[in-house]
Amino acid sequence: MALDQVLDDLEREAGIACTAEVRAVGCGSINRAYRVESGAGPVFLKVNTIEGAAMFAGEAAGLEAIREARAVETPAVVALGETDDFAWLALEWIEFRADPQPAAERLGRELAAMHAHTGSYFGWHRDNTIGSTPQPNTPTEEWIDFWRDRRLGFQLELAVRNGLPHECERRVREVIGGVERYFGDYRPEPSLLHGDLWGGNWGATRNGVPYTFDPAVYFGDREADLAMTRLFGGFGEPFYKGYQAAWPLAPGWKRRVALYNLYQLLNHFNLFGSGYLGRIREVLGLLDR
Ligand code: ADP
């Protein structure tokens with residue numbers, strides 16, 4: 001069976017002995033996930049087809065960058081590898097509580113501390129993925145160039161190939177063409193970002209320690225992370241209070257929420273299809289004002 005090969009590989013790469021106990025756990029949006037018992041404690045194992053290897057390599061590098069910043073907890077990488085047919089990523093198992101909300105204020109504070117880790121350019125030393133979509137991170141010196149070309153422009157080209165309606169394409173091109181107008185004289189620092197911070201990508205332990213996972217890391221405007229927290233909800237006022245108390249956002253951030261979420265929504269259109277057109281039209285409407 002295919003999973004047996006993955007487990008053999010995991011034992012070899014991580015130097016751990018897995019027991020026969022393997023349990024499939026709640027579906028992620030992209031991969032299959034398992035809890036594997038091992039001599040060194042439980043392991044969270046994500047498995048995808050071999051095409052997922054680059055995605056897992058980018059995810060593991062992102063988790064390590066977040067851990068190195070020592071601001072927000074994130075699961076440690078146990079090992080990653082490939083069999084003939086499958087790519088896999090093994091992480092420290094975190095016992096999450098059902099309702100993470102009691103840890104939301106702390107997550108806000110710790111995310112601000114993570115954002116205080118800055119780079120010397122916008123982008124990252126490697127490309128990664130957002131969901132399973134490629135995410136190019138070739139550095140730029142100017143944030144506005146980065147957001148226009150590496151983010152909106154890149155997803156737009158994919159979306160056009162995936163059948164984005166002409167009227168949406170035309171509007172997104174207008175937004176891209178005039179992107180400076182959303183910034184005025186705001187010039188963000190290159191903060192270490194989670195990159196895919198929706199409500200399904202954080203949790204908390206029973207002791208109230210917040211964790212983020214499944215990142216799409218790069219150096220960029222911290223407002224992009226915060227905009228995404230508002231896209232599908234799941235964070236709550238204490239989170240924003242915690243963040244603002246630690247490092248208040250610059251005036252004018254509200255104008256850019258739709259600009260940042262347009263990227264995430266184009267990606268959702270590219271990953272999951274036309275069900276996201278309504279939200280795309282909604283943010284385009286906000287960007288008209
Ligand atoms: P996908 O990339 O497929 O979306 P995720 O990394 O988001 O998968 O994980 C799917 C679910 O598994 C999460 O919503 C979370 O509840 C749980 N999970 C993620 N990481 C861990 C971990 N290290 N330990 C235990 N459970 C985890």
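The values are calculated or read from the model by the stated rules, or taken from the named source; none is laboratory data. Just so you know, these numbers come straight off a predicted model, no measurement behind them. No Cβ is skipped: glycine too gets one built from the backbone with ideal geometry, and neighbour counts run over all protein chains shown.
Only one of these conditions is not met by Glu59: (1) in contact with a helix residue (DSSP H, G or I) (Cβ under 6 Å, 6 or more places away or on another chain); (2) within 15 Å of the ligand (Cβ to nearest atom); (3) among the charged types (D, E, K, R). Which number is it?
Single failed check for Glu59: (1).
Of all residues in the range 32-56, which are in contact (Cβ under 8 Å) with a residue 40 or more places away in the chain and either surrounded by 12 or more Cβ atoms within 10 Å (Cβ to Cβ) or part of a strand (DSSP E or B) (or both)?
Passing the criteria: Arg35, Val36, Pro42, Val43, Phe44, Leu45, Lys46, Val47, Asn48, Gly52, Ala54, Met55.
Can you tell me which condition Glu189 does not meet? The list is (1) crowded, with 18+ Cβ neighbours inside 10 Å; (2) of a type outside the set (Gly, Ala, Ser); (3) in contact with a strand residue (DSSP E or B) (Cβ under 7 Å, 6 or more places away or on another chain), and all the others hold.
Checking Glu189 against (1) crowded, with 18+ Cβ neighbours inside 10 Å; (2) of a type outside the set (Gly, Ala, Ser); (3) in contact with a strand residue (DSSP E or B) (Cβ under 7 Å, 6 or more places away or on another chain), the one that fails is (1).
What pairs come out if I take residues in the range 1-18 that are assigned by TED's automatic domain parsing to the domain that holds Asn48 and pair them with residues that are in a helix (DSSP H, G or I) and modelled with pLDDT of 90 or more whose C-beta lies under 8 Å away, six or more apart or interchain?
Ile16/Leu10; Ala17/Glu11; Cys18/Leu7; Cys18/Leu10; Cys18/Glu11
So if I check each of Ser38, Ser29, which one is hydroxyl-bearing (Ser, Thr, Tyr), modelled with pLDDT under 95 and more than 9 Å from the ligand (Cβ to nearest atom)?
On the way: Ser29 fails: more than 9 Å from the ligand (Cβ to nearest atom).
Every option except Ser38 fails the conditions.
Just to confirm my filter: which helices (runs of 4 or more DSSP H) fall fully inside the range 223-289 and include at least 1 residues that are farther than 24 Å from Gly203 by Cα?
On the way: elements: 237-246, 253-272, 277-288.
Per the criteria, 253-272, 277-288.
Going by the structure shown, is Val77 buried (at least 16 other Cβ atoms within 10 Å of the Cβ), free of Cβ contacts under 8 Å to residues at least 40 places away in the same chain and of a type in the set (Val, Ile, Thr)? Let's see the steps before the verdict.
Numbers: buried (at least 16 other Cβ atoms within 10 Å of the Cβ): yes; free of Cβ contacts under 8 Å to residues at least 40 places away in the same chain: yes; of a type in the set (Val, Ile, Thr): yes.
Spelling it out, Val77 is indeed buried (at least 16 other Cβ atoms within 10 Å of the Cβ), free of Cβ contacts under 8 Å to residues at least 40 places away in the same chain and of a type in the set (Val, Ile, Thr).
From Glu141, Glu157, Glu105, Glu82, grab the single residue that is of a type in the set (Asp, Glu) and outside the structural domain of Ala258 (by TED's automatic domain parsing). Quick ask: steps written out before the conclusion?
Values: Glu141 fails: outside the structural domain of Ala258 (by TED's automatic domain parsing); Glu157 fails: outside the structural domain of Ala258 (by TED's automatic domain parsing); Glu105 fails: outside the structural domain of Ala258 (by TED's automatic domain parsing).
Residue meeting the stated conditions: Glu82.
Kindly indicate the residue of the range 115-149 that is in contact with a strand residue (DSSP E or B) (Cβ under 7 Å, 6 or more places away or on another chain) and in a helix (DSSP H, G or I) and also nearest to Arg181 (Cα to Cα) among those meeting that condition.
Looking at residues that are in contact with a strand residue (DSSP E or B) (Cβ under 7 Å, 6 or more places away or on another chain) and in a helix (DSSP H, G or I), I get Trp143.
Could you please find all residues in the range 150-201 being under 30 Å from Leu107 (Cβ atoms) and assigned to a helix (DSSP H, G or I)? Can you show your working first?
Pass one, the range 150-201, residues under 30 Å from Leu107 (Cβ atoms): 150-152, 154-155, 179, 182-184, 186-201.
Those that are under 30 Å from Leu107 (Cβ atoms) and assigned to a helix (DSSP H, G or I): Arg150, Arg151, Leu152, Phe154, Gln155, Val179, Tyr182, Gly199, Gly200, Asn201.
Being under 27 Å from Thr138 (Cα atoms) and surrounded by fewer than 22 Cβ atoms within 10 Å (Cβ to Cβ) is the requirement here; does Asn201 meet it?
Values: under 27 Å from Thr138 (Cα atoms): yes; surrounded by fewer than 22 Cβ atoms within 10 Å (Cβ to Cβ): yes.
So Asn201 passes the test.
Test Gly163 against the criterion of being within 22 Å of Gly26 (Cα to Cα) and either in the same structural domain as Trp124 (by TED's automatic domain parsing) or within 16 Å of the ligand (Cβ to nearest atom) (or both), and give yes or no.
Numbers: within 22 Å of Gly26 (Cα to Cα): no; either in the same structural domain as Trp124 (by TED's automatic domain parsing) or within 16 Å of the ligand (Cβ to nearest atom) (or both): yes.
Criteria not met by Gly163.
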